[in-house]
1. Between the stretch A:72-143 and the stretch B:1-25, what's the alpha-carbon centroid distance in Å?
2. Report, in cubic angstrom per residue, the convex hull volume of the C-alpha atoms of the stretch B:4-133.
3. With a 1.4 Å probe and all protein chains left in place, how much accessible area per residue does chain A have, in Å²?
4. Compute for chains A and B the buried accessible surface, both sides summed, probe 1.4 Å, and express it in Å² to the nearest 100.
5. So for chain A, averaging the separation of alpha carbon pairs under 8 Å that are six or more residues apart and normalising by length, what relative contact order in percent results?
6. State the percentage of accessible surface on the stretch B:4-133 attributable to carbon and sulfur atoms; use a 1.4 Å probe and exclude ligands, DNA and RNA.
7. So what does B:His136 come to for accessible area, using a 1.4 Å probe and Å² rounded to 10?
8. May I ask you to give the solvent-accessible area per residue for the stretch B:40-136, in square angstrom, as obtained with a 1.4 angstrom probe?
Amino acid sequence: MMDFLKHPWPWYVAGPLIGLVVPALLLMGNKALGISSSLRHICAACLPANISFFKYDWKKESWNLFFVAGIIIGGFIATQYLSGNHAVDINPKTTALLRQQGVNDFSGLLPHDIFSFQQLLTLRGFIFVVLGGFMVGFGTRYAGGCTSGHAIMGISTLQWPSVVATCCFMAGGFIMTWFILPYLIHL
Amino acid sequence: MRNIKYLITGLLFGIVLVKSEVISWFRIQEMFRLQSFHMYGIIGSAIVVGMISVWLIKRFQAKTISGETIIIPTKKFHWGNVYGGLIFGLGWAITGACPGPLFAQIGSGFGVIIITLISAIAGTWIYGLLRDKLPH
């Protein structure tokens, strides 16, 4: 059992477990899965600045902040106690392509040669860490949800606006990966 | 204390995100290059299980543990779904993480991602500031 837990989990184990979060939250207290909302609640709690979008009772939504705090703790537990410490077993074609584009560190979950405090002051590090994060926060709120709220919760409940949003997430990702990212990695 | 159950659910969710390598930048690259089924399998099977669960909840008119009727919020279309969706997609391919994985990466010890998270919060704040001026 421990041996299984320590290996990376296959998609057919992980996917259904993620899917079960949808009914779990509904049954626990009518909560709709959605993680990007937590970013809005943090704004409302810390810096509402009289902006109407942040003037609401965020405390009523505090379950969402507990949920994301749980994700942080879960990340810690998985990495500290359930990790086999191996490199991510990605398609060798992806590795070859990324190497050619200028990624050199394949030892962890993220390439350390891009995502590190030392890289933060380079243009490349700034784009990947700061600009990328900004686009994720701005885009998800503008879209009204992220992968969890739209792709999983929204499509599970058969809402076509979520299908549209999910297609746009994927389209944006393809455009970035195929046409822009090679130049950004090269910086 | 009533929020502890959400903390525990989040904790389990976080473990799954790390153990299935969903939080890996490399997995996201592989997905957008169509060089692996892994991420599609995860998102796809999560949707199927979610869909069946919601159908069962409706079919049997299940109640919450405190006896409330389950209400599924409806999402109304607006053009932000498209514009915001594209912006998020572009950012997703750069950071290799959507909001859930950002939190899990921080827990996994990638300290620099705290900066990404703060930047994402700033992005959300700027959206709130500009909301009335943006096309929806």
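1. A separation of 19 Å, based on Cα centres.
2. Details: hull volume 20.9 nm³, N = 130.
Per residue, the Cα convex hull of the stretch B:4-133 comes to 161 Å³.
3. On the way: 8320 Å² over 187 residues.
On a per-residue basis, chain A sits at 45 Å².
4. Numbers: alone 13450 and 10970 Å², together 14010 Å².
By this definition, chains A and B bury close to 10400 Å².
5. Working: 120 pairs, mean separation 45.0, N = 187.
The normalised contact order for chain A reaches 24 percent.
6. Numbers: 3580 of 5120 Å².
Roughly 70 percent of what the probe reaches on the stretch B:4-133 is carbon or sulfur.
7. 80 Å²
8. Ligands and nucleic acids excluded, the result is 45 Å² per residue.
The values are calculated or read from the model by the stated rules, or taken from the named source; none is laboratory data. Computed from a prediction, not measured in an experiment: that's the story for all the values here. Glycine also receives a Cβ, built like all others from the backbone with ideal geometry; neighbour counts cover every protein chain displayed. Only protein heavy atoms, including side chains, enter the accessible area calculation; ligands, DNA and RNA are left aside. Shrake-Rupley method; radii C 1.70, N 1.55, O 1.52, S 1.80 Å.
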